[in-house]
1. Is it fair to say H267 is modelled with pLDDT under 95 and open to solvent by 40 Å² or more (accessible area, probe 1.4 Å)?
2. How about the range 187-207: which of its residues are touching a residue at least 40 places away in the same chain (Cβ under 8 Å) and of a type in the set (A, V, I, L, M)?
3. Taking helices (runs of 4 or more DSSP H) that do not extend beyond the range 3-90, which have at least 3 residues that are under 20 Å from G101 (Cα atoms), open to solvent by less than 20 Å² (accessible area, probe 1.4 Å) and among the β-branched types (V, I, T)?
4. Buried (at least 21 other Cβ atoms within 10 Å of the Cβ), in a helix (DSSP H, G or I) and in contact (Cβ under 8 Å) with a residue 40 or more places away in the chain - does that describe any residue in the range 134-148?
5. Evaluate the following for F225: is it among the aromatic types (F, W, Y) and touching a residue at least 60 places away in the same chain (Cβ under 8 Å)?
6. If you scan the range 273-297, which residues turn out to be assigned to a loop (DSSP other than H, G, I, E, B) and under 17 Å from V123 (Cβ atoms)?
7. For the range 180-238, how many residues meet the condition of being surrounded by fewer than 20 Cβ atoms within 10 Å (Cβ to Cβ), touching a Phe, Trp or Tyr at 6+ places or on another chain (Cβ under 9 Å), among the charged types (D, E, K, R) and at pLDDT 90 or above?
Amino acid sequence: MGDSANGDELPEAMARTLGEYERHLVAERDLAPHTVRAYVADVAGLLDHAARLGQLDVNDLDLRTLRSWLAKQQTLGRSRTTLARRATAARVFTAWLLRTGRTREDAGASLGSPKPHVSLPPVLRADEAADLIRAAAELADDGSPVGLRDVAMLEMLYATGIRVGELVGLDIDDIDRDRQVIRVFGKGRKERAVPFGRPAARALDFWLKQGRPRLAADGAGAAVFLGARGRRIDQRAVRTLVHRRIAEVPGAPDIGPHGLRHTAATHLLEGGADLRSVQELLGHASLATTQLYTHVTTDRLRRAYQQAHPRA
């Protein structure tokens, strides 16, 4: 776990606490398996570092130990993003220790973290997004179920800005066709409603009525989108599709489903949507995450101004 830590190599008391923390993340926080693994690996690395300093119990943890652990990560060449994530993991863990009575004080309460360097992937212009879907629709002219599915998936990704995991997790009952809204379960199984427009509604109807019944196999269940074998499609197949179709749009940057999510957010803000609404649509826990997109739109406005204004 982590860089060199293994929960089985920790002092007994620490290993036991780590196991209890993992059960808390799974049972009470309802986090995704990969998120639990990342949190546990980071905390295991911290505890391993503390044990090497002679600390045998979580009660021995102090701010100096946490800082020296992060400093060691820096000397090992870890990125600012990784350092920030591990600092967060440490703070969440020490807060849990105090809250559950396992320590007398929160050692991580004053732990700072380097501000991660955030770089958003490139986004499509509105005309490029239209070309992307138009190209997919032309390929679907033969009426093949896979073609109809591909158009529907691209329309939904761009129309809603949902994550690829949220797209593949959609069930039939999650779609309200009358209101043109889908129910999405995001990170931490948080539920939200996301509207979609008429083009996406049309593509979804074509797929559900003309494509899905011809592709569905035993085991398809209630999944909206199916793979070539007739069962729920996986994320890798969706990523492959997006990259393949993007490559057919002249001059468009090579982006995946997450790039379409960024594109949707950017176009919403450029169209006049307020930050709070976009935050809710995307399912961001923090408004600060949504504010990242304002940098994209500001850059575009600045370039447009410089190209068009006579006194730029």
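The values are calculated or read from the model by the stated rules, or taken from the named source; none is laboratory data. Note that the coordinates shown come from a computational prediction; the quantities given were computed from them, not determined experimentally. Glycine also receives a Cβ, built like all others from the backbone with ideal geometry; neighbour counts cover every protein chain displayed. In case anyone asks, the SASA skips ligands and DNA or RNA and just uses the protein heavy atoms, side chains included. Shrake-Rupley method; radii C 1.70, N 1.55, O 1.52, S 1.80 Å.
1. The answer is no for H267.
2. Of everything in the range 187-207, those that are touching a residue at least 40 places away in the same chain (Cβ under 8 Å) and of a type in the set (A, V, I, L, M) turn out to be V194, A200, A203, L204.
3. In the range 3-90, no matching helices (runs of 4 or more DSSP H) lie anywhere.
4. yes
5. yes
6. Answer for the range 273-297, where residues must be assigned to a loop (DSSP other than H, G, I, E, B) and under 17 Å from V123 (Cβ atoms): A273, H284.
7. So the answer is 2.
Per-residue answers, yes or no, for (1) under 30 Å from T290 (Cβ atoms); (2) of a type in the set (V, I, T); (3) not in a helix (DSSP H, G or I):
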| position | (1), (2), (3) |
| --- | --- |
| K209 | no, no, no |
| A220 | no, no, yes |
| G230 | no, no, yes |
| R244 | yes, no, no |
| V249 | yes, yes, yes |
| P253 | yes, no, yes |
